[in-house]
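Before any comments, here is the structure.
The values are calculated or read from the model by the stated rules, or taken from the named source; none is laboratory data. A quick note: this is a predicted structure, and the numbers were derived from the prediction, not measured. Glycine also receives a Cβ, built like all others from the backbone with ideal geometry; neighbour counts cover every protein chain displayed.
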Amino acid sequence: MEKKLENLQILVNHLTYHYPDGTIALKGINLNIYSGEIVGIMGKNGAGKSTLIKTFNGLLKPTTGVVYIENDDVNNVLMSKLTRIVGIVFQNPDLQLFANTVEDEIRFSLKNLNFTKTELENQINLTLEKFKLKKFQNRTPFTLSGGEKKRLAIASIMCRNPKIIVFDEPTIGQDAEGVEFIRNLIKEKHSEGKTIIIVTHDIEFAIDNIPRTILMADGLIIADGPTNKILSQDQILNIGSLISPQLIQLSKFLIDSGFKVPDNAYLKENMIQFLGSFLKEKMEITEGGKP
Amino acid sequence: MSFEFMEAFKFIQKKTIIHSLDPRTKLLLATIYSILAIMFEEIFILFFIFLSFFPFIIAGQLFKKWIKSIRGMTFLFLLLIIFNTLFSTFSKSISMILRIMIMVSSFSLFFLTVHPDDLMLSLLSLKVPYNIAFSFSLSFRFVPTIAIEAQNIIDAQKSRGYEMEQGGLISQAKNLIPLLIPLIVCSMKRAFHIAESLDSRAFGSTKNRTYYYSISFTKKDWLLTVILIAFFIFGIIVKLFPDLLPNWLFWRFPV
Ligand SMILES: Nc1ncnc2c1ncn2[C@@H]1O[C@H](COP(=O)(O)OP(=O)(O)O)[C@@H](O)[C@H]1O
Ligand SMILES: [Mg+2]
């Protein structure tokens, strides 16, 4: 979707946040997020990323400044309404799993949504199937594996069908399969038109899956733009204590060595295509496929 | 929900005369004030005991934290006034509150100014077995960690539509389950991790340990100890011979 005023979904203006103990976690944030965007939030530990996302669903109220979610000032909206629009998936599933069965865990998330009984059971079933949890339906959540617990925690937010989905560090501690699952989920939700916000330290994940990145440091936004641009500027990387992704390093190296590398070579497919066609030109390929 | 009250028991590093006292002296201070608070129920006497504790709070630069801990207990105080006035007398409720204030103040002074490591050393010097002393100081070390974790659990549950419900006692208790179970699960996980890490460092494999830090009594400590004991003896004498005191100290509210 286009970045038009009517698509503006999150508007943050001069936002500051002070914790009760006096810590100033946000020092003046300005930010626009449009409907259907995928946005990454990066930055060192303590930069204020978690604090910022907690203002989106009403967990924290702005100290000064405003946060608008879908044209509503968060100060004037009940939290029960905000959490329906903004679903935050926290990093550690152990913080939220408590029910007797996997099924009840989903049911708990749907409790206050005014479903009829049949609608409720339908939604539970759909969610269990979608997240490949059907076979664990009647098992206790505590004996699930790490990846399965994570899926259940994500399912317990997704079943509420939020328009804005926020992931806090989704890839930490996940194996390759788990990361793949999250990658596909993001794609799918994006195609459904959802807005997706991802707090992450995982630069390789970010460069592959997140088109726009916001970089935070010390309670401020220090950069906001296309992920590949942000992750290739040394000055910005230094402030954010980040290392640029491998393919950007490779592109830079090739460009410095005089090759004409396309701008989009930071994506794996493009780099493979570029190197593939380049190598084909330079080397003859024998019948067996070996030079 | 807030954990401000716990703040009143969390050690903060400062350079004051109170901080530099030996932990055993401060333990004695807390114990003697608590015993005195229990011994008396006369409002004026308790009030003077309370006043005599103020210099310690000021000297330790603990006034802000102390106010917080007292504020955190306002609810408890209200309950005390209501119940005591209903079932006993208003005077009783006031002396009850003064007693609690004295005890909480004296122990919060102890925990605010004694480093968790020194806490263990002082327990050891009182001949508490090492295992127990270590567990005790470890559990204090984890109070702030658990408070943060509890807040994260509340945040995670609220994010999926959990609401702190009003209602009867039973429904409120039921409403705590989504918070308590993750808290217990996380605490147990951490406990197992700590146990593993202790085992892997051969904790408890030898009887004789080497201690990196030590605590020692100085002149200040002896001086304060003598004053405290004198104060305590004075308290006992007054308790045994109440005639020594002027009558107005025994005044009560007519209700
Ligand atoms: N509950 C809290 N009370 C006081 N300070 C906090 C609390 N939570 C976070 N902070 C502080 O606020 C700042 C920003 O924290 P946070 O938003 O968690 O950063 P990030 O998620 O980027 O690592 C840090 O300095 C942190 O110590
Ligand atoms: Mg964080």
Can you tell me which residue in segment A:27-76 is surrounded by the fewest Cβ atoms within 10 Å (Cβ to Cβ), limited to those that are of a type in the set (Gly, Ala, Ser) and more than 16 Å from ligand 2 (Cβ to nearest atom)?
A:28
Within the set of pairs 6 or more residues apart or between chains, which connect a residue that is within 13 Å of ligand 1 (Cβ to nearest atom) and at pLDDT 95 or above inside segment A:13-31 to a residue that is in a loop (DSSP other than H, G, I, E, B) and among the small types (Gly, Ala, Ser) with Cβ atoms less than 7 Å apart?
A:24/A:219; A:25/A:48; A:25/A:219; A:26/A:48; A:26/A:219; A:27/A:219
Name the helices (runs of 4 or more DSSP H) wholly within segment B:139-221 that hold at least 3 residues that are at pLDDT 85 or above, within 14 Å of chain A (Cβ to nearest Cβ) and under 22 Å from residue B:111 (Cβ atoms)?
B:143-159, B:177-200
Of all residues in segment A:108-117, which are over 26 Å from the mean Cα position of the chain (by Cα) and either at the interface with chain B (Cβ under 10 Å from one of its Cβ atoms) or hydrophobic (A, V, I, L, M, F, W, C) (or both)?
A:115
Filter segment A:81-107 down to the residues that are within 7 Å of another protein chain (Cβ to nearest Cβ) and free of Cβ contacts under 8 Å to residues at least 60 places away in the same chain and list them by number.
A:94, A:95, A:97, A:98
Where the second residue is modelled with pLDDT under 90 and part of a loop (DSSP other than H, G, I, E, B) and the first is of a type outside the set (Ser, Thr, Tyr) and lies in segment B:169-184, which pairs have Cβ atoms under 8 Å and are six or more apart or on separate chains?
B:172/B:165; B:172/B:166; B:175/B:164; B:175/B:165; B:175/B:167
With the condition kept exactly as written, say whether any residue in segment A:38-48 is more than 14 Å from chain B (Cβ to nearest Cβ), within 16 Å of the chain's Cα centre (by Cα) and away from ligand 1 (no atom under 14 Å from the Cβ).
yes
Please work out which one of (1) within 11 Å of chain B (Cβ to nearest Cβ); (2) closer than 28 Å to residue B:189 by Cα; (3) touching a residue at least 12 places away in the same chain (Cβ under 8 Å) is the condition residue A:128 fails and give its number.
(1)
One residue is enough: does segment A:139-154 have a residue meeting the conditions within 14 Å of chain B (Cβ to nearest Cβ), within 30 Å of residue A:9 (Cα to Cα) and in contact with a strand residue (DSSP E or B) (Cβ under 6 Å, 6 or more places away or on another chain)?
yes
Residues (buried (at least 17 other Cβ atoms within 10 Å of the Cβ), modelled with pLDDT under 90 and either of a type in the set (A, V, I, L, M) or in contact with a strand residue (DSSP E or B) (Cβ under 6 Å, 6 or more places away or on another chain) (or both)) located in segment B:7-26:
B:8
